[in-house]
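Asker: My questions all concern the structure below.
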Amino acid sequence: MLFKCDGKNTTFVANKIIMDYKYILSLHLIFVVCWFAGLFYIVRLFIYTKEAFEKQEPEKSILTTQLLLMQRKLWYIITWPAAILAVIFGSWMLIENTVLLMQPWMWLKLIFVGILILYHLQCHVIFKQQSAKVYKLSSFKLRLFNELATVLLVAIIFLVIVKSSAGLVWGMLGLFMFASLLMAGVYVYKKQRKAIHDIKEIKTPEDNN
């Protein structure tokens with residue numbers, strides 16, 4: 001009877017550990033989603049603010065004031081808290097399940113997470129610059145910068161789902177092709193916008209005449 005009780009207790013403890021780990025995993029995933037959502041949107045706001053700054057008054061002041069307010073709320077209320085909590089719960093998962101650190105894919109994933117953190121910090125630099133009305137990057141460069149978050153998301157999800165060192169080479173090749181397509185798409189978009197802008201400039205003098 002004592003042996004059976006010990007077995008039940010052992011099973012109960014094991015199940016509790018598994019459930020606790022699943023709760024931690026769930027919270028980690030929730031905050032990762034919020035983190036990426038914030039990163040995707042903040043760079044779009046950088047682009048809109050840069051383009052608004054190039055407009056004429058009073059449109060320039062009205063738009064930049066509103067966009068900078070949106071940046072501040074998004075960055076400090078959603079993106080920074082989500083980033084911190086995602087890292088905390090992710091670290092907690094590794095502490096609870098140290099076997100993950102023996103997997104090659106996990107170390108590669110951690111490298112991409114490190115790059116993601118650097119990307120986040122660079123976004124903070126741009127955020128502080130634009131808050132001070134300093135716009136160093138063009139809207140085109142910001143669009144290219146925005147695609148880096150997509151590349152990192154694809155890389156991290158791919159590694160977490162596949163969990164295969166044998167498939168990492170093909171995965172990286174696929175990632176490179178995906179990044180190349182994104183860059184090509186941004187370039188085509190820039191050319192189309194420039195063409196539309198040139199057409200409008202040609203038509204404007206004619207309309208005035």
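Asker: Which value, in debye to the nearest 20, describes the size of the charge dipole of segment 34-147 about its Cα centre when Lys and Arg Cβ atoms bear +1, Asp and Glu Cβ atoms bear -1, and nothing else is charged?
Answerer: So the magnitude is around 280 debye.
Asker: For a quick check: with amide H placed at 1.01 Å from N, whose amide H comes under 5 Å from LYS163's, ignoring anything fewer than 5 positions away on the same chain?
Answerer: Close amide H contacts, sequence-distant or interchain: none at all.
Asker: Set the bar at 27 Å for Cα to Cα. Now go through LYS73/LYS163; LYS50/LYS109; LYS73/LYS133; LYS55/LYS128; LYS136/LYS191 and name every pair that lies beyond it.
Answerer: LYS73/LYS163; LYS50/LYS109
Asker: Across segment 43-60, in residue order, what do the Karplus-derived ³J(HN,Hα) couplings come to in whole Hz, using 6.51 cos²θ - 1.76 cosθ + 1.60 with θ = phi - 60° and x for Gly and Pro?
Answerer: 5, 4, 5, 4, 5, 5, 5, 4, 5, 5, 5, 8, 7, 8, 6, x, 4, 4
Asker: OK, next. Relative to the compact-globule scaling 2.2 N^0.38 Å, provide the ratio for the alpha-carbon radius of gyration of segment 75-148.
Answerer: 1.40
Taken together, the values in this text are just the output of simple stated rules run on the coordinates, not laboratory data. Since we're looking at a predicted model, the values are computed, not measured. In this analysis, Cβ positions are derived from the backbone assuming ideal geometry, glycine residues included, and neighbour counts consider all displayed protein chains.
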